[in-house]
């Protein structure tokens, strides 16, 4: 992967669907880690926290938990030539247990890379995302990415903790509350 492509993917992960930071060279605050996922705080308070990860397959993902429990998902890969900004694409996700989801994603340009974004993946998808270790992504019956979902449970748990710390709410997953 070229340096230019890598920088574009970093822009994807740190900037998709986020409101730009005010003028100046501000870095988005890193909150912590969920094992191999990096957790960031979005500068816009109502946007909460999000996690990013690069996969060996060349794909990158950004996830965030919505207040209703659904998952906001942005993903991209520099060699996805099928995606054109402004269009919608039906994507199929097949987890290691064979559980399948099909959802429409909007294509958004982020620099020279087109990113696919869906603001509401269901709670059932979140559950499989947290529990399974492999995921194959298809577009029109062609495999476009295969990823190992290492540490997704930890990433989602840390996102919940990060969001709770920002809102001042009690984190129900905090072991000290048991």
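The values are calculated or read from the model by the stated rules, or taken from the named source; none is laboratory data. Remember, predicted model here, so these are calculated numbers, not experimental data. We place every Cβ from the backbone using ideal geometry, glycine too, and count neighbours over all the protein chains shown.
Summary table below
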| item | result |
| --- | --- |
| Complete set of residues in region 50-81 that are over 17 Å from residue 145 (Cα atoms) and under 10 Å from the mean Cα position of the chain (by Cα) | 50, 51, 64, 65, 71, 72 |
| Filter pass, residue 96 being touching a strand residue (DSSP E or B) at 6+ places or on another chain (Cβ under 9 Å) and touching a residue at least 24 places away in the same chain (Cβ under 8 Å) | yes |
| Qualifying residue in region 76-99 (condition: under 23 Å from residue 39 (Cβ atoms) and exposed (fewer than 14 other Cβ atoms within 10 Å of the Cβ)) | no |
| Residue selected from region 124-151 under the condition over 14 Å from residue 99 (Cα atoms) and out of contact with any strand residue (DSSP E or B) (no Cβ under 7 Å at 6 or more places or on another chain), by the criterion surrounded by the fewest Cβ atoms within 10 Å (Cβ to Cβ) | 141 |
| All strands (runs of 3 or more DSSP E) inside region 73-174 with 3 or more residues being more than 22 Å from residue 52 (Cβ to Cβ) | 88-95, 100-110 |
| Residue, farthest from residue 130 (Cα to Cα), within region 35-57, restricted to residues that are in contact (Cβ under 8 Å) with a residue 60 or more places away in the chain and not in a strand (DSSP E or B) | 45 |
| Hits in region 72-114 - residues which are over 24 Å from residue 133 (Cβ atoms) and touching a helix residue (DSSP H, G or I) at 6+ places or on another chain (Cβ under 6 Å) | 78, 110, 111, 112, 113 |
| Number of positions in region 17-71 that are at pLDDT 80 or above and within 17 Å of residue 152 (Cα to Cα) | 29 |
